[in-house]
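Quick notes on the structure that follows.
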Amino acid sequence: MKIYRAEDYASMSRKAADILSAQIILKPDSVLGLATGSTPLGIYAQLISRYEKGELDFSDVITVNLDEYVGLPADHEQSYRYYMRANFFDRVNIRPENAYVPDGTAADPEAECARYDGILRRYGPIDIQLLGLGHDGHIGFNEPDDAFPLNTHMVGLAPMTIEANARFFTSADEVPRQALTMGVKAIMQARCVLMAVSGEDKAEIVKTAFTGPVTARVPASVLQMHPNFILVGDAAALSLLPPEVTEL
Ligand code: GLP
């Protein structure tokens with residue numbers, strides 16, 4: 001596990017965007033696993049600006065998103081499809097048919113999860129999987145559990161996650177209680193996993209996930225076993241890791 005220490009959010013975003021850009025330049029038809037949340041916004045802004053300068057071309061890129069809320073249609077402002085379009089897809093030259101996000105409105109969520117796993121099998125393994133980190137250690141919406149959920153599945157959101165995501169809605173009552181999420185298998189099969197973390201409020205869970213035991217109670221801890229896992233964080237988020245450490 002490699003650690004890149006950045007001073008602040010802006011330089012963390014640039015570093016993560018550098019790694020993603022290198023991937024796209026080296027392999028123009030890369031399969032990118034993408035994440036939502038507030039952490040990656042600066043990374044997407046960087047990628048958009050590099051695209052606008054003509055430095056990046058997304059025309060052959062395939063993207064597969066990690067997750068989606070159950071019940072929110074694609075045009076709902078808090079759906080992850082909407083987030084991805086507003087913050088990335090509509091601002092670069094990714095072909096709409098190459099940008100996959102689970103469908104949270106599917107009448108049969110189980111069938112939708114199976115369809116999504118079919119997409120992951122067809123294009124996989126993912127070349128680089130971008131991840132954020134939930135305060136309870138969730139990755140995508142893989143919440144703490146007795147075992148690591150392997151495949152795409154429907155999940156009940158943990159109270160901590162509902163509370164954390166309430167800031168995007170008018171109240172916590174409006175946060176969907178369920179989501180569809182890629183499982184841990186597709187994440188662990190990715191050729192490279194790139195996690196971005198920012199802010200003091202992530203410091204404790206970063207320490208627990210990456211210096212504690214590997215346990216499904218802290219889903220991100222499984223990344224300790226990934227052969228090519230890169231953690232990019234700002235000083236605040238990495239403040240509880242041993243100083244000067246660049247590898248764990
Ligand atoms: C959400 C997303 C995750 C994300 C996490 C952290 O629950 N489903 O993919 O990593 O929140 O979000 P943030 O970056 O806003 O802290």
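Out of curiosity, is residue 97 outside any loop (DSSP other than H, G, I, E, B), acidic (Asp, Glu) and within 16 Å of the ligand (Cβ to nearest atom)? Even if it seems obvious, please write down each step before you answer.
Working: outside any loop (DSSP other than H, G, I, E, B): yes; acidic (Asp, Glu): yes; within 16 Å of the ligand (Cβ to nearest atom): no.
Spelling it out, it is not the case that residue 97 is outside any loop (DSSP other than H, G, I, E, B), acidic (Asp, Glu) and within 16 Å of the ligand (Cβ to nearest atom).
Pick from 215, 208, 161, 170: which is in contact (Cβ under 8 Å) with a residue 40 or more places away in the chain, among the hydroxyl-bearing types (Ser, Thr, Tyr) and on the phi < 0 side of the Ramachandran plot?
It is 208.
Quick one: count up the residues across the stretch 136-154 that are away from the ligand (no atom under 14 Å from the Cβ) and hydrophobic (A, V, I, L, M, F, W, C).
So the count comes out to 3.
Determine which single condition residue 116 fails, assuming it passes every other condition in (1) within 16 Å of the ligand (Cβ to nearest atom); (2) out of contact with any strand residue (DSSP E or B) (no Cβ under 9 Å at 6 or more places or on another chain); (3) assigned to a helix (DSSP H, G or I).
Of the numbered conditions (1) within 16 Å of the ligand (Cβ to nearest atom); (2) out of contact with any strand residue (DSSP E or B) (no Cβ under 9 Å at 6 or more places or on another chain); (3) assigned to a helix (DSSP H, G or I), the odd one out for residue 116 is (2).
Only one of 157, 150 is of a type outside the set (Ser, Thr, Tyr), over 29 Å from residue 21 (Cβ atoms) and crowded, with 21+ Cβ neighbours inside 10 Å. Can you tell me which?
157
Could you figure out which of (1) among the hydroxyl-bearing types (Ser, Thr, Tyr); (2) touching a residue at least 40 places away in the same chain (Cβ under 8 Å); (3) under 24 Å from residue 198 (Cα atoms) isn't true of residue 123?
Here residue 123 clears every test but (3).
Only one of 128, 187 is surrounded by 20 or more Cβ atoms within 10 Å (Cβ to Cβ), within 20 Å of residue 43 (Cα to Cα) and touching a Cys at 6+ places or on another chain (Cβ under 6 Å); which?
128
To keep it simple, each residue is scored yes or no on (1) touching a helix residue (DSSP H, G or I) at 6+ places or on another chain (Cβ under 8 Å); (2) among the charged types (D, E, K, R).
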residue: 3; (1), (2): no, no
residue: 19; (1), (2): no, no
residue: 35; (1), (2): no, no
residue: 53; (1), (2): no, yes
residue: 57; (1), (2): yes, yes
residue: 61; (1), (2): yes, no
residue: 71; (1), (2): no, no
residue: 76; (1), (2): yes, no
residue: 83; (1), (2): no, no
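Values quoted throughout were computed directly from the atomic coordinates according to the rules given, and no laboratory measurement underlies them. It should be emphasised that the depicted structure is a prediction, and the values quoted were computed from it without experimental measurement. Note: ideal-geometry Cβ built from the backbone for every residue, glycine included; neighbour counts use all protein chains shown.
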